[in-house]
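Below: one structure in structure tokens.
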Amino acid sequence: MKVNIVRNKLVPLPVLLLGILLLCLISSGKASAEDAKVITIGKIDYDNLTMQIYDNNNSAVYYSIDKDTWIDVEGPYNSETDSYSLDISWVSNTSDVTLYFKGNTIKTIKPITLPAQNKSVKVAYDKVEGEFTFSNTWDAEYFQWRKSTDYSWATVELDESSSSYISFINTMETLRLQGAKVYIRTPQMIGTNSNNEGSRPSIEVLVSITKRSNAPSIKVNVSKLNINTTEAMEYYNSTTKLWIECTKAMSLEDIAPEVLYKNGANDLTFMIRTAATSYTSYSKTAYITVNGQAAAPVIGDNSDDVAYYYVNSKLILQFPKASKTNTYEYAIIKPDSTFNESTAIWKAVISSKIMTISKTSSPDSCKIYVRRKGISANKNISLVLPSAINSFTINYPH
């Protein structure tokens, strides 16, 4: 009798492990398909023009613009969040555009409408007042600006009382020194999901920040103690902290009285500019530095400044320290005339030579006013005011 012996065939270990792995993968795939859900939308970034798409356990994701033609979603995939970063730079910004998404397992269509760009925003710049007016901002709370040569946006609140807005205005004022061009827009609102699609940054509006005109050319007339101001100018009053309208040829007494000896002889730098009109802004500022006025020359028989005495019914007048670099001045005013420092005829004295004055040219009761001569400023010499005034009355001996 023939006995058939059946022998068990052993499956090689590598083949067994491969089979187990395949079963696990099939099981895993079935679990993913069972767990698949409707595609969802995440962050929508209009500055970077990307949209986050969650696959929700669908092994493939598709999008369409008409629900007829479907295209695979491609792009960077984040395995930690199971989401794609979809490029949306190709989506037109001139009108609202709806995109549709679905998965290969859960084919429920998920729509999202990307809004059109705000192209109606307007920015008006008042070059006289340096103020901005915004319109058609679509209820934005902020705006952004950058220089035309810069690509970094600064964000500012539209509330004019906010610190960021005040800082923005101050910055624009500094740009007016040389003039500039800036771009302004309302910023994006980042979308968060299909129910909150956010908004694009608006169209960029180019604004020209006009350059201020040059500062007026200001000179101090050291003879008349006035300044060549005009009615088109204004000066800054350091006491009231206000800009005051100028008049023609203003005196130092009016515009800077504190530099005069009688008012304390304080050094002062004061500011003058061309005032704004209904068409132009105020100009750059001219800065004038004036040192305090010196004391008046001393008059007396033995004075080193001004000495006088009478000889044979004549007045002998001498300025002992006078020289070309230390010039004195005098003016003779008749008894029936009123002295005015700015209109008086001043005669310069550049030496210590004795001068003789007769009754014929200068009768009794004439008054002689004396001062040290001022020095007009130039690029090499600082301004020096004439000194304060001293005087004496002529009384010839009889």
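Taking the stretch 60-110 only, how many residues are outside any loop (DSSP other than H, G, I, E, B) and either of a type outside the set (Ser, Thr, Tyr) or touching a Pro at 6+ places or on another chain (Cβ under 6 Å) (or both)?
The qualifying residues number 15.
Report yes if Met189 is under 18 Å from Gly374 (Cα atoms), modelled with pLDDT of 95 or more and surrounded by fewer than 20 Cβ atoms within 10 Å (Cβ to Cβ), otherwise no. Break it down stepwise before answering.
Working: under 18 Å from Gly374 (Cα atoms): no; modelled with pLDDT of 95 or more: yes; surrounded by fewer than 20 Cβ atoms within 10 Å (Cβ to Cβ): yes.
So Met189 does not fit the description; no.
Only one of Gly75, Gly42 is within 30 Å of Pro187 (Cα to Cα), surrounded by 11 or more Cβ atoms within 10 Å (Cβ to Cβ), at pLDDT below 95 and not assigned by TED's automatic domain parsing to the domain that holds Trp153; which?
The match here is Gly75.
Here's another thing I want to ask about it. Taking the stretch 327-373 as the region of interest, how many residues are part of a loop (DSSP other than H, G, I, E, B), charged (D, E, K, R) and either assigned by TED's automatic domain parsing to the domain that holds Leu225 or over 18 Å from Asn395 (Cβ atoms) (or both)?
Here the count works out to 3.
I'd like the residue in the stretch 195-252 that is of a type in the set (Ser, Thr, Tyr), within 30 Å of Trp346 (Cα to Cα) and touching a Lys or Arg at 6+ places or on another chain (Cβ under 7 Å) and, out of all such residues, is surrounded by the fewest Cβ atoms within 10 Å (Cβ to Cβ).
So, considering only residues that are of a type in the set (Ser, Thr, Tyr), within 30 Å of Trp346 (Cα to Cα) and touching a Lys or Arg at 6+ places or on another chain (Cβ under 7 Å), the one surrounded by the fewest Cβ atoms within 10 Å (Cβ to Cβ) is Thr230.
A further question follows. Just to be sure, is Asn228 more than 18 Å from Lys127 (Cβ to Cβ) and free of Cβ contacts under 8 Å to residues at least 12 places away in the same chain?
Judged against the criteria, Asn228 is not a match.
Does Lys181 satisfy the condition of being in a loop (DSSP other than H, G, I, E, B) and either at pLDDT below 95 or farther than 30 Å from Leu252 by Cβ (or both)?
Numbers: in a loop (DSSP other than H, G, I, E, B): no; either at pLDDT below 95 or farther than 30 Å from Leu252 by Cβ (or both): yes.
No: the conditions fail for Lys181.
Let me ask something else about it. Specify which of the listed residues (Ala116, Ala140) is out of contact with any Pro (no Cβ under 8 Å at 6 or more places or on another chain), closer than 19 Å to Ile190 by Cβ and not aromatic (Phe, Trp, Tyr).
So the residue among Ala116, Ala140 that is out of contact with any Pro (no Cβ under 8 Å at 6 or more places or on another chain), closer than 19 Å to Ile190 by Cβ and not aromatic (Phe, Trp, Tyr) is Ala116.
Right, another one. In the stretch 347-398, how many residues are among the aromatic types (Phe, Trp, Tyr) and touching a residue at least 60 places away in the same chain (Cβ under 8 Å)?
Residues flagged as among the aromatic types (Phe, Trp, Tyr) and touching a residue at least 60 places away in the same chain (Cβ under 8 Å) within the stretch 347-398 amount to 2.
Which one is surrounded by the fewest Cβ atoms within 10 Å (Cβ to Cβ) among residues in the stretch 331-367 that are closer than 16 Å to Pro386 by Cβ and among the aliphatic types (A, V, I, L, M)? It would help to see each step written out before you state the result.
Pass one, the stretch 331-367, residues closer than 16 Å to Pro386 by Cβ: 331, 339-350.
Those still in the list that are among the aliphatic types (A, V, I, L, M) too: 331, 344-345, 348-350.
Numbers: Ala331: 19, Ala344: 19, Ile345: 9, Ala348: 11, Val349: 22, Ile350: 14.
Result: Ile345.
Same structure again: Report, by residue number, each residue of the stretch 236-278 that is of a type in the set (A, V, I, L, M) and part of a loop (DSSP other than H, G, I, E, B).
Ala249, Met250, Ala256, Leu260, Ala265, Ala275, Ala276
Considering only residues that are under 30 Å from Ile394 (Cα atoms), touching a Ser or Thr at 6+ places or on another chain (Cβ under 7 Å) and not polar (S, T, N, Q), which ones fall in the stretch 275-309?
Across the stretch 275-309, the qualifying residues are Ala294, Ala295, Ala296, Pro297.
In the stretch 151-178, which residues are outside any helix (DSSP H, G or I) and either in contact (Cβ under 8 Å) with a residue 24 or more places away in the chain or closer than 11 Å to Ile209 by Cα (or both)?
Trp153, Thr155, Leu158, Arg176, Leu177, Gln178
Got a number for residues in the stretch 299-326 being crowded, with 18+ Cβ neighbours inside 10 Å and part of a loop (DSSP other than H, G, I, E, B)?
Within the stretch 299-326, residues that are crowded, with 18+ Cβ neighbours inside 10 Å and part of a loop (DSSP other than H, G, I, E, B) number 3.
Within the stretch 187-199, is even one residue within 22 Å of Ala124 (Cα to Cα) and either within 13 Å of the chain's Cα centre (by Cα) or outside any strand (DSSP E or B) (or both)?
yes
Further question on the same structure: Does the stretch 279-298 contain any residue that is outside the structural domain of Lys347 (by TED's automatic domain parsing), in a loop (DSSP other than H, G, I, E, B), farther than 30 Å from Glu131 by Cβ and out of contact with any helix residue (DSSP H, G or I) (no Cβ under 9 Å at 6 or more places or on another chain)?
Yes: the stretch 279-298 contains one or more residues that are outside the structural domain of Lys347 (by TED's automatic domain parsing), in a loop (DSSP other than H, G, I, E, B), farther than 30 Å from Glu131 by Cβ and out of contact with any helix residue (DSSP H, G or I) (no Cβ under 9 Å at 6 or more places or on another chain).
The values are calculated or read from the model by the stated rules, or taken from the named source; none is laboratory data. Everything numeric here is computed off the predicted structure, so don't read it as measured data. When we count neighbours, we look across all protein chains shown, and the Cβ atoms used for this are built from the backbone with ideal geometry, even at glycine.
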